[in-house]
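Engineer: One structure, pasted below without further comment.
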């Protein structure tokens, strides 16, 4: 056996004076690989164990009461995120039928315009509709907004994959992320020469929103629709 150090099942053996052996545990930091919800659950277990009578650890550092305050605050923050996500999910569900109803009403309006402006395309255009054969305005940067942006969970913590339809002529794709798509701020991520890629270094257990735009000699095009994914 090496006289200096032995590692076995998380236990470190340090040799001391002749005839003695000093044992030190080596705690595994497994919680660092967990997502935020599971990390907070792990912290709760530690705090509950410290509150037992008799306590398993004398003079904990930080003190048990202080540690409990910190853990409770983390739990409150995660509950707030969960409540907001449920509210957002409910809002999206409620928006679906309303958007569908607006679409049906717009279809009826389009048919009315087709009847009213059968020989006058400018009339339908003045309402806001596009007409077959109508000249299209130039796109920003000469590129369209990338279509069908989608995201999937990556096997690594803090990473998500993204994909969109390629935009003809684009040399690269710029990507931005945010945790708040309404107020931002948006963070620029590493560009990709392909219409797919992986974003790393994201906070685990957080829902992240992404948008992408094509870029090239003509400059950047408009941003895509936003896609979101919970970060593993």
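The values are calculated or read from the model by the stated rules, or taken from the named source; none is laboratory data. Treat the numbers as computed from the prediction; the structure is a model and nothing was measured. Cβ: placed from backbone, ideal geometry, glycine included. Neighbour counts: every protein chain shown.
Engineer: Take the range 173-205 and flag every residue that is touching a residue at least 60 places away in the same chain (Cβ under 8 Å) and loosely packed, with under 14 Cβ neighbours inside 10 Å.
Structural biologist: Correct list: 203 only.
Results for (1) at pLDDT 90 or above; (2) exposed (fewer than 10 other Cβ atoms within 10 Å of the Cβ); (3) outside the structural domain of residue 201 (by TED's automatic domain parsing), shown as yes or no for each residue.
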| residue | (1), (2), (3) |
| --- | --- |
| 105 | yes, no, yes |
| 116 | no, no, yes |
| 131 | no, no, yes |
| 162 | yes, no, no |
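Engineer: Tell me, yes or no, whether the range 211-221 has at least one residue that is more than 21 Å from residue 165 (Cβ to Cβ), modelled with pLDDT under 90 and part of a loop (DSSP other than H, G, I, E, B).
Structural biologist: no
Yes/no per residue for (1) closer than 25 Å to residue 207 by Cβ; (2) part of a helix (DSSP H, G or I); (3) in the same structural domain as residue 204 (by TED's automatic domain parsing):
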position	(1), (2), (3)
48	no, yes, no
52	no, no, no
72	yes, yes, no
85	yes, yes, no
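Engineer: Among residues belonging to the range 143-160 that are surrounded by 12 or more Cβ atoms within 10 Å (Cβ to Cβ) and assigned to a strand (DSSP E or B), point out the one that is modelled with the lowest pLDDT.
Structural biologist: Here the answer is 153.
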